[in-house]
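Quick notes on the structure that follows.
Laboratory data are not the source of any read-out in this text; all were calculated from the coordinates shown. All values reported here derive from a predicted model rather than from experimental measurement. Note that we place each Cβ from the backbone using ideal geometry, even for glycine, and neighbour counts take in every protein chain shown.
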């Protein structure tokens with residue numbers, strides 16, 4: 001199995017999928033990973049093997065997401081930090097899927113009423129992740145330069161974190177975040193105002209952690 005660093009570098013958003021179903025062995029591994037993330041993150045993420053009408057909206061079809069066979073529903077109890085936790089733990093599952101040879105796409109636009117998941121009292125669906133075997137492996141997207149999100153001179157571990165953070169998927173590839181080195185010697189990652197920036201923040205934080213411990 002490839003490493004998380006390799007998965008980060010290889011993984012691109014995929015919007016067009018084949019009809020191939022995910023094998024039961026991989027479903028079992030994914031569900032085990034999801035259970036671990038749910039426990040650690042106090043979430044209710046769910047792998048729905050049949051996406052159903054989750055991506056039946058015109059925009060989804062135009063983008064190609066209507067072909068996604070399966071979906072991960074990002075559900076959790078409503079809280080101020082819910083979106084950030086969804087991003088942090090959801091991205092762990094996304095990278096694990098890449099390690100398993102699968103493809104994914106974070107999707108902010110989808111049919112919330114049709115997604116085949118369980119939403120408990122006090123819970124909400126934050127975002128969806130399309131998952132399956134891609135018709136392609138996606139394509140590399142334009143990225144900001146390190147100095148645009150983390151100006152200044154920094155230690156190697158910090159630079160490795162920034163490198164991985166810049167490979168994090170963000171809504172509309174907006175990369176609306178900044179990373180600073182605090183006086184305590186720890187990274188300070190903040191989001192800027194924009195759609196799904198709290199989810200993006202969680203994703204970026206996880207990528208930074210993977211990079212700095214490499």
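General remarks:
- Shape of region 113-185, Cα gyration tensor, a/c cut at 1.5: oblate
- Cα-based equivalent ellipsoid, the chain: semi-axes from gyration tensor eigenvalues, Å: 28, 19, 17
- The value obtained for region 170-214, namely the Cα convex hull volume divided by the number of residues, is 66 Å³ per residue.
- Cα-based helix-to-principal-axis angle, 156-165 vs the chain, degrees rounded to 10: 30 degrees
- Residue exposure sequence - 191, 81 - by fewest surrounding Cβ within 10 Å: 81, 191
- With contacts taken as Cα pairs under 8 Å at a separation of at least 6 residues, the chain carries a relative contact order of 27 percent.
- Rounded to the nearest 10 degrees, the inclination of helix 82-99 to the longest alpha-carbon principal axis of the chain is 80 degrees.
- Three-way shape label, region 19-108, alpha-carbon gyration tensor, a/c 1.5: oblate
- Cα gyration tensor shape of region 14-68, rounded if a/c is under 1.5, else prolate or oblate by comparing a/b with b/c: oblate
- Cβ crowding within 10 Å ranks 198, 205 as 198, 205, fewest other Cβ atoms first.
- Shown for 19, 54, 109, 197: other C-beta atoms within 10 Å of each C-beta, ranked fewest to most, produce the order 19, 109, 197, 54.
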